[in-house]
Structure formats: structure tokens, C-alpha cells
1. If you take just the strands (runs of 3 or more DSSP E) that sit entirely in the stretch 285-339, which of them hold at least 1 residues that are within 22 Å of residue 376 (Cα to Cα), in contact with a His (Cβ under 8 Å, 6 or more places away or on another chain) and in contact (Cβ under 8 Å) with a residue 12 or more places away in the chain?
2. Identify the single condition in (1) in contact with an Asp or Glu (Cβ under 9 Å, 6 or more places away or on another chain); (2) at pLDDT 95 or above; (3) open to solvent by 40 Å² or more (accessible area, probe 1.4 Å) that residue 191 does not satisfy, given that it satisfies every other one.
3. Counting only residues that are surrounded by fewer than 22 Cβ atoms within 10 Å (Cβ to Cβ) and under 24 Å from the mean Cα position of the chain (by Cα), how many does the stretch 350-373 have?
4. Could you figure out which of (1) surrounded by 13 or more Cβ atoms within 10 Å (Cβ to Cβ); (2) within 24 Å of residue 96 (Cβ to Cβ); (3) modelled with pLDDT under 95 isn't true of residue 146?
5. Which numbered condition in (1) surrounded by fewer than 21 Cβ atoms within 10 Å (Cβ to Cβ); (2) in contact with a Cys (Cβ under 8 Å, 6 or more places away or on another chain) is the only one that residue 260 fails?
6. Does residue 218 count as closer than 22 Å to residue 292 by Cβ, outside any loop (DSSP other than H, G, I, E, B) and open to solvent by less than 10 Å² (accessible area, probe 1.4 Å)?
7. I'd like to check something: does the stretch 166-183 contain any residue that is on the phi > 0 side of the Ramachandran plot, part of a loop (DSSP other than H, G, I, E, B) and touching a residue at least 24 places away in the same chain (Cβ under 8 Å)?
8. Where residues in the stretch 81-105 are open to solvent by less than 10 Å² (accessible area, probe 1.4 Å) and in a helix (DSSP H, G or I), which of them is farthest from residue 15 (Cα to Cα)?
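The values are calculated or read from the model by the stated rules, or taken from the named source; none is laboratory data. A quick note: this is a predicted structure, and the numbers were derived from the prediction, not measured. Here the Cβ is made from the backbone with ideal geometry for all residues, glycine too, and neighbour counts use every protein chain on show. In case anyone asks, the SASA skips ligands and DNA or RNA and just uses the protein heavy atoms, side chains included. Shrake-Rupley method; radii C 1.70, N 1.55, O 1.52, S 1.80 Å.
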Amino acid sequence: MHILLLGSGGREHALAWKIAASPLVTKLWCAPGNAGIAREAECVPLDIADHEAVIAFCKANAVEFVVVGPETPLAAGIVDDLGRAGIKAFGPSKMAAQLEGSKGFTKDLCAEFGIPTAAYRRFDNEAGALAYVRAQGAPIVIKADGLAAGKGREVSFFALCDGETALPLASAQDHKRVFDHDQGPNTGGMGAYSPTPFVTSEIHDQIMSRIISPTVAGMKARGAPFRGVLYAGVMLTEQGPKLFEYNVRFGDPECQVLMLRMMSDIVPAFLAACDGELKHFNLRWYPEAAITVVMAAKGYPGDYRKGSRIEGLDDAAKIDGVEIFHAGTLAKDGAILANGGRVLNVCALGKTVTEAQARAYASIDRINWPDGFCRRDIAWQAVEQERG
């Protein structure tokens with residue numbers, strides 16, 4: 001197959017790495033890609049916000065399947081536009097992508113179909129909102145009705161969906177705060193690990209029966225069947241799991257640990273989600289634990305400098321079980337340069353989370369990047385549980 005992957009971050013590098021391993025793939029492009037993705041796919045300088053340009057590229061290169069990584073083109077309806085052009089694409093329609101694009105849409109869906117979530121009210125005027133906040137008192141959360149670019153803290157639960165069937169993926173947990181011990185401002189994610197000990201088989205079943213399955217059924221009933229990957233941010237409460245928010249794409253950096261642990265070929269799974277065939281499908285997972293540690297530019301998530309040189313990556317990748325995915329890099333004159341806030345994802349497999357963690361940090365210690373930093377405690381909760 002000829003496949004085009006859209007995106008340029010660590011999530012897309014992990015997807016490119018996994019897709020490229022499929023025997024079904026004869027050619028893989030990525031737009032726009034990054035320096036690491038260029039090892040797995042041919043990177044093309046397409047503006048993925050220009051849907052007509054993407055469609056023209058697909059037609060000119062006989063692309064048979066498009067995998068959409070980030071949320072912004074999904075919310076803009078790129079899957080709908082590709083479908084009208086006769087090109088199959090993995091990801092939800094514009095209407096279904098409202099699960100991430102509109103907090104109000106999701107809260108209303110939860111109310112209609114009995115999906116457990118926090119109490120809420122929607123307002124379109126300041127006076128009404130202020131009166132409600134004063135009446136409720138603290139603590140209270142105020143959210144804008146739009147894309148949030150991955151902020152918050154909770155258990156991450158993923159399921160492939162084909163409009164009717166939801167196929168759960170491995171559990172994961174990420175770390176949003178920028179510094180060790182969960183200090184500092186929220187970020188897009190400073191690391192993740194899988195599996196998480198907090199998603200027991202009982203909680204897994206509760207999330208599927210109370211949150212994921214009713215959502216898939218509700219979206220079908222609304223005439224907006226959800227096809228793609230559904231990412232539920234779930235709070236584990238004394239009353240059971242509750243939906244915090246939905247995303248309509250793989251999490252970043254959770255995708256990286258999921259791709260490392262997935263034994264099955266991902267391309268048939270994506271195709272089954274598009275074709276309504278997940279009820280006949282199963283996924284196999286490696287039993288090992290996986291961890292990813294994000295290396296970011298100093299100053300992130302605030303102001304940071306681009307263009308600093310990164311060395312030692314080949315040596316760092318030699319450690320057993322390690323894969324390094326690029327999130328914000330640029331290749332120039334034979335060197336790898338930082339080109340974003342979150343720059344590298346150092347990932348590792350291990351028989352235990354403790355072993356995976358040790359491998360990831362041993363790899364990081366071989367990377368020479370004075371302008372970069374990382375948290376040194378990713379997966380600390382799971383490590384503490386393993387120590388007893």
C-alpha cells in the first residue's frame with residue numbers, strides 16, 4: 001500500500017515507525033515530518049491545513065490510505081474532504097471530532113447517554129457564568145469550548161472504534177507537570193508509561209461499559225459514528241471511573257509507549273476501523289512494560305530557544321530495548337538541531353517498569369544536549385508499587 005501520514009511530532013514518529021514495519025506498506029510518506037521520521041518515511045513539505053494540497057498529493061502519488069496524527073486537521077474536517085475525493089483515511093469525521101473540539105458537545109452527550117462525568121453547566125455570557133461560579137463555590141474548573149492541546153492529569157484509556165465496535169488498547173498514564181514530583185506548570189506531556197497499575201481488570205471493564213461503549217453507541221445514534229482512535233481522559237474516583245475529557249487521536253506521549261508494546265501489525269487494525277470490521281479483529285501486546293521520557297528545550301513550556309545542536313543520539317539508541325522518537329527536530333548540514341519545545345522521546349521496554357525506566361535514563365545520559373532537560377521521575381508511581 002501507498003500510505004501518507006500527517007503530522008510532525010513524537011506521536012507521528014512512533015506511528016511512522018510502527019506503520020513502516022508493516023509488510024503491507026510499499027511506500028510511506030509523512031507530511032511535514034521531522035528529522036527522525038525521515039528515517040522511516042519520505043518527508044514531504046505539505047501544509048496539512050491545505051486540504052486541497054493534501055488531496056492533490058494523494059492523487060499524484062496513488063496514495064491509498066491516509067493516517068491523520070494531530071487533532072487540528074481532524075477538527076477541520078480533513079477526513080471528510082479526503083473521503084469525498086475517494087481517499088480512505090483513518091480518523092473521525094468533522095462532526096465526530098467535536099468530542100475533542102467542543103467540551104460542550106461532549107458534556108451534552110454524557111448527559112444524554114448517562115456517561116459518568118463531572119457536573120457542568122454551559123454559558124455564553126459572562127454574567128450567567130459568574131453567578132453560577134459564585135453559587136457553586138470552590139473548587140471549580142472553567143473551560144473554554146474548544147481544542148485544549150492536551151492539558152490535565154488522569155489515566156489515559158484508548159480504544160480503536162469503527163462506528164459500532166470499540167477495541168480497547170493497552171492502558172497508559174502520562175505526566176503533565178514540567179518538573180519532578182509533579183511540580184510546575186502543565187505541559188503537553190513530559191513522559192508516559194504502559195501498562196499502569198491503576199487500571200485493573202475491573203476498572204478496565206467499568207471504563208469500557210460505562211464510558212467507551214455508551215459513547216460509541218451515542219455517537220451512532222446522533223448520526224455521527226465515531227471511527228478512529230478514541231482517547232478518554234479518565235479520573236478514578238470513589239464512585240468509579242469518570243470521564244474527564246475526550247481526545248479524538250492518539251495521545252502524545254502515550255502513543256509512543258503503545259506503539260512499543262503493540263505486537264500486532266497496526267495497518268490492518270487501522271483499516272478495520274475504517275471498514276467497520278473491528279468485531280472480527282483482535283490485537284496482541286507484548287507483556288513488557290514501556291516508558292517514554294520527553295526531553296524538552298530549556299524554558300519549555302514558556303519561551304525556549306530553537307536551533308541548539310543535539311549529539312550522541314546513535315550511542316544512546318544502542319542501549320537494549322531503547323527507541324528514540326523525534327518530536328521537534330531538524331536535520332541541517334549533517335547535524336540534528338532542536339526545533340520545538342518537546343524535542344525528543346527516549347523510550348524503552350523492560351520486563352518491569354523499573355527496568356524500562358533505568359534503560360530510558362541510561363540512554364538519556366548518553367545524549368549531549370546542554371540546552372535540553374527532562375524529568376527524572378517518569379513512572380515513579382508504578383516503580384514505587386513494584387518496590388512494594
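1. Details: elements: 289-297, 322-326, 329-332, 335-338.
The qualifying strands (runs of 3 or more DSSP E) are 322-326.
2. (3)
3. Residues in the stretch 350-373 being surrounded by fewer than 22 Cβ atoms within 10 Å (Cβ to Cβ) and under 24 Å from the mean Cα position of the chain (by Cα): 10 in total.
4. Checking residue 146 against (1) surrounded by 13 or more Cβ atoms within 10 Å (Cβ to Cβ); (2) within 24 Å of residue 96 (Cβ to Cβ); (3) modelled with pLDDT under 95, the one that fails is (1).
5. (1)
6. Working: closer than 22 Å to residue 292 by Cβ: no; outside any loop (DSSP other than H, G, I, E, B): yes; open to solvent by less than 10 Å² (accessible area, probe 1.4 Å): yes.
It is false that residue 218 is closer than 22 Å to residue 292 by Cβ, outside any loop (DSSP other than H, G, I, E, B) and open to solvent by less than 10 Å² (accessible area, probe 1.4 Å).
7. Of the stretch 166-183, the ones on the phi > 0 side of the Ramachandran plot are 181-182.
If we keep only those that are part of a loop (DSSP other than H, G, I, E, B) too, we end up with none.
For the stretch 166-183, residues on the phi > 0 side of the Ramachandran plot, part of a loop (DSSP other than H, G, I, E, B) and touching a residue at least 24 places away in the same chain (Cβ under 8 Å): absent.
8. Per the stated criteria, the residue is 104.
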